[in-house]
1. Just for the stretch 165-186: of the residues that are in contact with an Asp or Glu (Cβ under 9 Å, 6 or more places away or on another chain) and surrounded by 14 or more Cβ atoms within 10 Å (Cβ to Cβ), which one is farthest from V70 (Cα to Cα)?
2. Just checking, how many residues over the stretch 1-15 are touching a residue at least 12 places away in the same chain (Cβ under 8 Å) and either assigned to a helix (DSSP H, G or I) or more than 24 Å from L144 (Cβ to Cβ) (or both)?
3. Select, from G174, G106, the only residue that is modelled with pLDDT under 95, in contact with a helix residue (DSSP H, G or I) (Cβ under 8 Å, 6 or more places away or on another chain) and more than 21 Å from E52 (Cβ to Cβ).
4. Testing K162 on (1) out of contact with any Phe, Trp or Tyr (no Cβ under 8 Å at 6 or more places or on another chain); (2) surrounded by 15 or more Cβ atoms within 10 Å (Cβ to Cβ); (3) more than 24 Å from L20 (Cα to Cα), one condition comes back false. Which one is that?
5. How many of the residues making up the stretch 19-52 are in a strand (DSSP E or B) and surrounded by fewer than 16 Cβ atoms within 10 Å (Cβ to Cβ)?
Amino acid sequence: MSSSDDLLDLIRATPEIDLLLRSSFGFDIDRKYYGEGLRLASGLPLEVIAGESAGGAYFLCAEQNGRRPVVYASSEGEGGLLADDLADALEIIIGLEWRDCLTFSGGGDVEAMQISAQHLERSRGKYNPDIDNEAAQVAAALSLRVVPVGDLVIRLHAAASKTEPDYVVTADDGEAFDSPFGELVEPRHGGWS
């Protein structure tokens, strides 16, 4: 059994952590219906482990060097490597508005991602004043680290940059998903609030 399997078992066995991951961080281990037929461009299968309310899904890849990389695929057709294993992925998921950070990355510019992350960090606390406490609670229960946002951005950028060629997500018809890096640098209507 891998450490990823152990983490998933711990989430299943801890209902309050499962609820926080689902409600505050968009990682729902009971939402596994998206992703049928998705695989890596290499032909390797993906194992769906969780979904999120917007229709995206998280997948484990085949084990490499004792770790199982985590890939994310959105319902809008973007996808790629999120982290080298589930623990790293969960640290990003609980510590960073990572999907928006990728969307507003200026095509994968780490400096643009850092600026986006700063803006997103402010709005994150505004919409959920308890988010930092919830992240700390999840981290403690799952033996994860609470990592500074700037460091998480660097880790996210490094992982997403390794999407090609080994972690490109493809549909069952062979069509490749778009890069996880969006071209935007700030929201179109009114900038950052």
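1. V185
2. Residues in the stretch 1-15 being touching a residue at least 12 places away in the same chain (Cβ under 8 Å) and either assigned to a helix (DSSP H, G or I) or more than 24 Å from L144 (Cβ to Cβ) (or both): 7 in total.
3. Numbers: G174 fails: in contact with a helix residue (DSSP H, G or I) (Cβ under 8 Å, 6 or more places away or on another chain).
Criteria check complete, one pass: G106.
4. The one condition K162 does not meet is (2).
5. At the first step, the residues of the stretch 19-52 found to be in a strand (DSSP E or B) are 28, 39-40, 45, 47-51.
Checking the rest, the ones that are also surrounded by fewer than 16 Cβ atoms within 10 Å (Cβ to Cβ) come to 45, 47.
Looking only at that region, the number is 2.
Every residue, every condition in (1) within 17 Å of G26 (Cα to Cα); (2) over 12 Å from the mean Cα position of the chain (by Cα); (3) modelled with pLDDT of 95 or more, yes or no:
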{"residue": "Y72", "(1), (2), (3)": "yes, no, yes"}
{"residue": "L86", "(1), (2), (3)": "yes, no, yes"}
{"residue": "A89", "(1), (2), (3)": "yes, no, yes"}
{"residue": "W98", "(1), (2), (3)": "yes, no, yes"}
{"residue": "S116", "(1), (2), (3)": "no, yes, no"}
{"residue": "A136", "(1), (2), (3)": "yes, yes, yes"}
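The values are calculated or read from the model by the stated rules, or taken from the named source; none is laboratory data. Just so we're clear, the structure is a prediction, and the values are computed from it rather than from any experiment. Neighbour counts are summed over all protein chains in view; Cβ atoms, including those assigned to glycine, are modelled from backbone coordinates with ideal geometry.
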